[in-house]
Ligand code: COA
């Protein structure tokens with residue numbers, strides 16, 4: 001049996017920081033409204049999905065002490081590919097200077113968790129080290145004059161190097177879910193901009209996160225007291241708080257970075273994970289609950305035991 005462990009991590013965000021006060025210059029909104037309703041204080045905007053992905057991947061490779069030649073395959077979670085054809089992953093592969101398979105996963109904001117599960121499957125059937133990246137430039141598909149959505153989005157990328165280990169490895173349990181009958185809640189048509197039914201997404205998000213996280217815990221034979229850190233998708237701090245409370249996970253065991261990055265879709269979980277790692281919040285043997293939800297709707301959870 002071959003399992004996985006994460007050996008390197010890195011992020012990239014555009015240089016341009018846009019605060020809520022900057023937003024309020026062009027939109028009828030305020031720092032107070034945005035912080036109270038979403039928890040967001042600022043976001044980074046700009047760049048391309050491939051450019052940010054390359055930068056994050058290079059940081060992750062350096063942290064793993066791996067060269068591009070040592071990586072077998074690349075999986076890129078994104079809902080904002082640079083073009084429809086080709087996928088963005090091959091551009092990233094070329095940019096990094098590696099070989100092997102390279103493909104995009106579009107599961108919206110659940111993309112990174114879908115990706116981790118996919119990578120575990122690749123490794124189980126024989127792959128060597130895999131680069132898993134979540135990268136987004138949501139600002140490119142957002143009407144920045146629409147206050148309902150412009151204040152939420154951010155751009156950025158996070159990457160991890162996932163390597164095989166003998167034995168079961170770190171992925172203790174996982175589930176992936178989708179319900180296409182809810183596609184009208186969050187969508188972007190060809191050539192259009194993002195539409196979101198914020199209230200309905202909010203309601204559904206809390207419910208599905210709780211349901212899938214509880215299932216993942218049950219499948220791993222763990223209770224909320226065994227979860228060292230919840231690393232959730234960063235869409236709204238109130239969604240994170242409501243879900244954590246219902247799951248019985250205290251706030252000091254959740255990771256929140258939405259204040260600095262906004263909602264970066266597939267990039268939000270690796271941005272949060274990186275933050276927890278660089279701040280020394282993850283220790284050997286810790287059980288991490290990764291959980292995401294987004295357009296589709298899609299949702300997914302995984303419990304990952306950190307093995308340094
Ligand atoms: N600044 C000021 N006022 C705003 C505003 C803004 N940026 N955006 C909307 N408003 C106004 C609305 O026009 C409305 O005014 P009205 O009552 O006069 O009509 C009022 O604020 C309330 O709007 P509403 O949409 O009901 O707010 P809300 O409390 O639901 O918060 C979201 C809006 C988007 C922050 C919230 O619904 C949310 O976060 N939803 C989940 C989104 C999500 O998770 N998306 C990602 C999925 S991956």
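No value in this document is a laboratory result; all are computed from the given coordinates. What you see is a predicted model; the values in this text were computed from it and never measured. Here the Cβ positions follow ideal geometry from the backbone for every residue, glycine too, while neighbour counts run over all protein chains shown.
Working from Cα pairs under 8 Å separated by at least six residues, relative contact order for the range 2-166 is 36 percent.
Between Rg and the Kirkwood Rh of the range 234-308, both from Cα atoms, what is the Rg to Rh ratio?
Reported Rg/Rh (Cα atoms, Kirkwood Rh): 0.94.
Using only C-alpha atoms and all pairs of different ones, pull out the Kirkwood radius for the range 29-88 in Å with one decimal. Averaging 1/r across every pair of different Cα atoms and inverting gives 14.5 Å. Report the normalised scattering of the chain as log10 I(q)/I(0) at q = 0.14 Å⁻¹, calculated by the Debye formula with identical scatterers on the alpha carbons. Log-scaled intensity ratios, in q order: -0.99.
Taking the number of Cβ atoms within 10 Å of each Cβ as an exposure proxy, the fewest-first ranking of 197, 145 is 145, 197. Peptide packing for 161-167, 247-253 was compared via the average number of neighbouring C-beta atoms within 10 Å per residue; ordered from the highest value, the list is 161-167, 247-253. When only Cα pairs below 8 angstrom with a gap of at least 6 residues are kept, the range 187-297 shows a relative contact order of 34 percent.
Does the range 171-305 classify as rounded, prolate or oblate by the C-alpha gyration tensor (a ≥ b ≥ c root eigenvalues; a/c under 1.5 gives rounded; else a/b over b/c gives prolate, otherwise oblate)? Prolate, since a/c reaches 1.5 and a/b exceeds b/c.
Legend: ranking of residues 299, 9, 33 from fewest to most surrounding C-beta atoms inside 10 Å; resulting order 33, 9, 299. Computed from the Cβ-Cβ distance with R0 of 41 Å, the FRET efficiency linking residue 246 to residue 85 stands at 0.50.
How are the Cα pair distances of the range 2-166 distributed, in percent, across 10 Å bins from 0? Going from the shortest bin to the longest, the percentages are 11, 37, 29, 16, 6, 0.
Per-residue packing, averaged as other Cβ atoms within 10 Å, sorts the ranges 61-72, 109-120 into the order 109-120, 61-72, beginning with the highest.
Beta bridges per DSSP, both residues in the range 171-305: antiparallel share near 75 percent. For the range 160-209, the Stokes-Einstein estimate of translational diffusion at 37 °C and a viscosity of 0.692 mPa s comes to 227 µm²/s, using the Kirkwood hydrodynamic radius over alpha-carbon pairs. Using Cα pairs closer than 8 Å and at least 6 residues apart in sequence, work out the relative contact order for the chain, in percent. Relative contact order comes out at 26 percent.
Peptide packing for 198-205, 264-271 was compared via the average number of neighbouring C-beta atoms within 10 Å per residue; ordered from the highest value, the list is 264-271, 198-205.
Taking the number of Cβ atoms within 10 Å of each Cβ as an exposure proxy, the fewest-first ranking of 189, 136, 42 is 189, 42, 136.
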